[in-house]
1. If you plug each phi of the range 199-215 into the Karplus form 6.51 cos²θ - 1.76 cosθ + 1.60 with θ = phi - 60°, what whole-Hz ³J(HN,Hα) values come out, in order, with x for Gly and Pro?
2. In straight Cα distance, which lysines are under 22 Å from LYS51, not counting same-chain residues fewer than 8 positions off?
3. Rg and Dmax of the range 57-173, Cα atoms, in Å?
4. Pop out the ³J(HN,Hα) list for the range 182-197 in order, Karplus 6.51 cos²θ - 1.76 cosθ + 1.60 with θ = phi - 60°, rounded to Hz; leave Gly and Pro as x.
5. On the protein heavy atoms, probe 1.4 angstrom, tell me the percent of accessible surface of the chain carried by carbon and sulfur.
6. Specify the angular offset, from 0 to 90 degrees and rounded to the nearest 10, of the alpha carbon long axis of helix 40-50 from the longest principal axis of the alpha carbons in the chain.
7. Rank ASP141, ASP80, ASP178 by mean-square fluctuation in a GNM of the chain with C-alpha springs under 10 angstrom and give only the top-ranked residue.
8. Using the Karplus curve 6.51 cos²θ - 1.76 cosθ + 1.60 with θ = phi - 60°, work out ³J(HN,Hα) for each residue of the range 33-39 in order, rounded to whole Hz, and write x for Gly and Pro.
Amino acid sequence: MKILIIGSNGQIGWELVREAISAECDFVALDRRQLDITDRFSLQKVIAQHKPEIVINAAAYTAVDKAEEEPEIAFSVNRDAVGNLAEICAGQCIALIQISTDYVFDGSKGQEYTEEDPASALGVYGMSKWQGENLVRESLDRHIILRTSWVFGEHGSNFLKTIINKARDHKELSIVSDQYGGPTPADLVAKVILDICKKISAGTAVWGTYNFSGMPHNTWSGFAREIINVGLDLGFLKSD
């Protein structure tokens, strides 16, 4: 089983590389300096060169607020490039694992979303990811779309690191408490994806779209409180 990891310098991509090394997988990992995912010719060239059985696309435009100012870039990366990738994989009988987001929903349901719930993205970021999902579904039968939320980890920028840094410099923090989600460790997402790869290789994968997040679900404020509590226990912080 040969795996191509695209977006290897992102939070999940970085953990995927660590997991793949630990599992002694046959893999190639490329970051955005090595592969411009928006360049269809480059995608074709890389896939033809490495001949993977599975492609994991961990590359994405993830600046949610900035996407409103840069919709062309967001749609180019999250929709158009993903559509091209799906078509290339379909043409070469390659399985694709596409990472998506809870932002495809508008959050108005008031409880956990299931895979059967209709998407209703509110912003550019969520809409670009949703349209990318649709292009995968239209082009490629052998796909897994894994939606996740509030990803945090050792590598890259994320909410956990932001709270720790701000708590060191400020006596008081103001964090919203009206948004709910599932804080999800990046290394857990990577482990799940590698498990999916094993199922694909064994011929037991059930293709389709899956929602996956950490538990328990919480608000941003609740998550921040827990980060500070753990930071105190571990000695990262000296005051709450």
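The values are calculated or read from the model by the stated rules, or taken from the named source; none is laboratory data. In this text the structure is predicted, and so the values were computed from the model without any measurement. Backbone-built Cβ (ideal geometry, glycine too); neighbour counts: all protein chains shown. With ligands, DNA and RNA removed, areas are computed over all heavy atoms of the protein, side chains included. Shrake-Rupley method; radii C 1.70, N 1.55, O 1.52, S 1.80 Å.
1. 5, 4, 4, 7, x, 10, 5, 9, 5, x, 10, 10, 8, 9, 8, x, 10
2. Within reach: LYS2, LYS198, LYS199.
3. 16.2, 57
4. For the range 182-197, the Karplus curve yields x, x, 10, x, 4, 5, 5, 4, 4, 4, 4, 5, 5, 5, 4, 4 Hz.
5. Working: 6210 of 12720 Å².
Answer for the chain is 49 percent, counting heavy atoms of protein chains only.
6. 80
7. Highest fluctuation of the listed residues: ASP178.
8. 6, 8, 8, 8, 5, 7, 9
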